[in-house]
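**Q** Attaching a single structure in structure tokens format; questions to follow.
The values are calculated or read from the model by the stated rules, or taken from the named source; none is laboratory data. Owing to the predicted nature of the structure, the values given are computational and were not obtained by experimental measurement. Here the Cβ positions follow ideal geometry from the backbone for every residue, glycine too, while neighbour counts run over all protein chains shown. All accessible areas refer to the heavy atoms of the entire protein, side chains included, with ligands and DNA or RNA removed. Shrake-Rupley method; radii C 1.70, N 1.55, O 1.52, S 1.80 Å.
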Amino acid sequence: MRYFARLVFIVVTLLRHGVDELVLSGFRHRWIRSLSWVVTLGRNFDQPRGQRLRLALESLGPIFIKFGQVLSTRPDLVPPDITRELSLLQDRVPPFPASQARAFVEAALEKPIEAIFRHFEAEPVASASIAQVHFATLHDGREVAVKVLRPGMRAVIDDDLALLHTLARWVERLSADGKRLRPREVVAEFDMYLHDELDLVREAANAAQLRRNMADLPLIMVPEMHWDWCTSTVIVMERMHGVPISQIARLREAGVDIKKLARDGVTIFFTQVFRDGFFHADMHPGNIQVSLAPATFGRYVALDFGIVGTLTEVDKEYLAQNFIAFFRRDYKRVAELHVESGWVPPGTRIEQLEQAIRATCEPQFDRPLKEISLGQVLMRLFQTSRRFNVEIQPQLVLLQKTLLNVEGLGRELDPDLDLWSTAKPFLERWMNEQVGWRAIWRRLKDEAPLYAKLLPELPRLLHHRLAAPQQQDAPLLAALLREQRRTNRLLSMLLWSGAGFLGGVVLARWLLHYGFY
């Protein structure tokens with residue numbers, strides 16, 4: 001009954017905002033199109049379709065808001081007007097009661113609050129759909145932030161995800177664009193992200209990895225996790241002090257170099273992507289602060305590590321080559337890279353893909369550099385890819401989402417920020433490090449532990465290999481020798497027979513010449 005009641009509420013909400021007309025118009029079946037005309041008869045919707053969808057998702061609650069946020073990062077699947085509206089979705093959720101938060105923390109950590117914390121602030125400092133955060137102080141005086149998973153979230157999420165999976169199957173079966181939009185894959189991807197966020201230990205591990213990676217880059221700080229108090233539903237981390245990066249006037253008054261801050265953000269992003277292959281994939285302004293403490297003045301402070309992206313060496317090399325090809329306007333190379341990566345279906349004509357990419361990118365390059373948006377170029381490329389049925393990889397979608405966040409944040413800090421010129425030297429330097437003697441030396445160092453293990457064993461392995469064929473292949477060698485001797489005898493017989501025949505012919509002609517016959 002709970003499942004049915006939720007389904008009825010969803011249907012009523014979608015009808016109220018006219019989302020049914022938006023959805024039904026995309027189906028290929030004539031009777032569904034006729035149904036769309038009937039159900040919208042007498043209803044007028046003055047608002048654009050993207051706005052109606054956004055308002056409907058906000059009415060349906062946190063899970064649908066998050067789903068809309070995921071869709072806003074898929075310009076390869078969703079039209080631009082809807083993508084823009086969905087990017088405005090915000091996670092505004094009232095906090096759950098302080099008494100409930102205390103009880104939940106005590107149950108997760110299996111101790112009374114007073115035994116763990118000297119002080120625990122009942123009022124949360126932040127509240128979202130998945131969790132909320134309270135400040136506290138440990139008994140040794142260290143200030144911490146306590147992140148508490150919202151009670152009952154797993155059951156709510158599982159119910160709503162079951163409905164989304166059902167809707168996705170129907171859309172894929174009945175919609176004209178069902179196969180291209182891949183709704184089941186999108187919902188499965190969203191399912192994975194949500195369940196990753198529900199496991200706070202995974203978030204703590206992400207933070208620890210990012211903190212380790214960024215230890216030698218004095219531009220960003222990541223909170224330390226207190227692993228003694230980390231569970232799947234509650235995590236305790238170092239409290240970070242900073243000013244939200246969206247408060248630019250306050251940062252400027254404090255003396256922060258805003259232009260340098262924008263460039264540092266680009267450096268941090270490209271370092272995480274191309275050096276480490278492990279990046280913070282939720283870098284919107286709500287998760288970024290700036291430190292004003294004297295010892296760390298002007299550094300970024302990263303928060304909320306529920307979503308991270310990972311890239312393999314192949315992904316990194318592919319991306320770097322693509323970016324450099326764009327910078328050099330080598331559109332043929334971009335098309336070739338798409339084919340080499342296997343994203344484009346077999347039989348795609350390189351010259352057609354090259355022309356489509358040129359038509360997308362060339363107008364951007366004719367504008368002043370500071371007016372060029374790398375994120376917008378990528379969005380147009382994703383839209384162009386529909387024509388060629390390009391398969392967009394999930395890890396690169398996360399990267400594109402993060403790049404849009406970074407570029408938007410950078411331009412908000414410094415409207416003259418030139419992401420292209422900031423990124424190009426970094427990428428070219430990274431590519432230079434992948435080839436030549438430096439790359440060989442680095443790979444030798446990486447493989448040194450393996451070599452150290454194998455080198456002492458090499459003489460024994462070599463001896464074993466040289467000795468083994470004599471023991472294992474002796475019967476085969478004997479058979480080969482016998483066959484070779486027989487062949488030699490046959491060849492000898494043939495040679496002697498031929499020689500005898502030729503000798504006889506010569507002798508006969510000599511006898512005839514001198515009249516013996």
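**Q** Sorted by accessible area (1.4 Å probe), largest first, how do Phe297, Phe96 line up? Numbers along the way, then the final one.
**A** Values: Phe297 90, Phe96 20 Å².
These residues rank, largest area first, as Phe297, Phe96.
**Q** Probe 1.4 Å, all protein chains in place: accessible area of Leu495 in Å², nearest 10?
**A** 130 Å²
**Q** Once R0 is set to 25 Å, what does the formula 1/(1 + (r/R0)^6) return for the Cβ-Cβ distance between Asp446 and Thr312, expressed as a FRET efficiency to the nearest 0.05?
**A** It comes to 0.95.
**Q** Here is a further query. First select every other residue whose beta carbon is under 14 angstrom from the beta carbon of His119; then total the charges, Lys and Arg +1, Asp and Glu -1.
**A** With Lys, Arg at +1 and Asp, Glu at -1, the net is -1.
**Q** Right, next: Averaged per residue, what accessible surface does the stretch 181-233 expose to a 1.4 Å probe, in Å²?
**A** The answer is 45 Å² per residue.
**Q** Still on this model: For the stretch 114-226, what number results from the quotient of the Cα radius of gyration and 2.2 N^0.38 Å?
**A** So the Cα radius of gyration is 1.48 times the expected 2.2 N^0.38 Å.
**Q** Same structure, new question: Heads up, I need the accessible area for Ile113: 1.4 angstrom probe, whole protein in place, Å², nearest 10.
**A** About 10 Å², rounded to the nearest 10.
**Q** Sticking with the crude label model, points 7 Å out along Cα→Cβ, report the distance from Trp170 to Ser421 in nm, one decimal please.
**A** For the pair Trp170/Ser421, the computed spacing is 5.4 nm.
**Q** I want to check the label-to-label distance for Arg482 and Ala249. Put each point 7 Å from Cα in the C-beta direction and report it in nm to one decimal.
**A** 10.1 nm
**Q** Roll a 1.4 Å probe over the protein heavy atoms and report the accessible area of Tyr331 in Å², nearest 10.
**A** About 10 Å², ignoring ligands and nucleic acids.
**Q** Roughly speaking, to the nearest percent, how much of the stretch 186-298's 1.4 Å accessible area is carbon and sulfur?
**A** 52 percent
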